[in-house]
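Notes follow once the structure below has been shown.
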Amino acid sequence: MDRELVCGDKFVFGHETISLLVSFKDLPNKTIFEGNTLLVNDFLHVSLVCIGKIIEKYNVQIEDFKDKIIKDFCEFSSKNEIGPVSYSNDFKFGEKEDKKTIVVMCNVPNLNKFFDQMNKKYRLDVEYPPTHATLYKLPNKLGIFLTDLNDIKNFTKPITNPIGHAL
């Protein structure tokens, strides 16, 4: 998969998304949920700005929007700390098409401020993202894009902590 570091070495851009790399201590390599064997995600991250999905959902016609948002994000994050991530005890099982995942919801400080700035600058009304980390997914599949509260409502359901300890 094509991923590249952006804004120094803290953020990654891939799948038209700016992400923050994360790690977890003592995360089991696999879990079984509702008869599905799910493997630990090989790319542990929190999706911060799903630029491709924003373009698609909000029909953005701004020329070079992707490059502009990456530049804006790098400038913003150089002055405003994005993170550290704090995890909730809110786990969800997600299912969409042929993909199944387990995610944990989290808080990413200052990210909503970036969305406020982006919305104002480009006259958009992009909803704050429901920040989460995909912990587990089906083998050889990607996770599910959960970019707004409708995605959470339509494609996930709450589950108990599948790990057995706090993150």
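State whether one or more residues within the stretch 124-131 are at pLDDT 95 or above and of a type in the set (V, I, T). Yes, the conditions are met somewhere in the stretch 124-131. N89 meets all of the listed conditions (1) farther than 16 Å from I18 by Cβ; (2) at pLDDT 95 or above; (3) polar (S, T, N, Q) but one, namely (2). Summed over the stretch 132-148, residues that are over 19 Å from L20 (Cβ atoms) and at pLDDT 95 or above total 1.
The residues of the stretch 24-78 include none that are in contact with a Cys (Cβ under 8 Å, 6 or more places away or on another chain), outside any helix (DSSP H, G or I) and within 15 Å of Y122 (Cα to Cα).
Within the stretch 74-96, residues that are closer than 16 Å to T31 by Cβ reach partners that are part of a helix (DSSP H, G or I) and of a type in the set (D, E, K, R) with beta carbons closer than 9 Å, at six or more positions or on different chains, in the pairs G94/D151.
The values are calculated or read from the model by the stated rules, or taken from the named source; none is laboratory data. On a predicted model such as this, the values are computed, not experimentally measured, just so you know. Note that each Cβ is placed from the backbone with ideal geometry, even for glycine, and that neighbours are counted across all protein chains shown.
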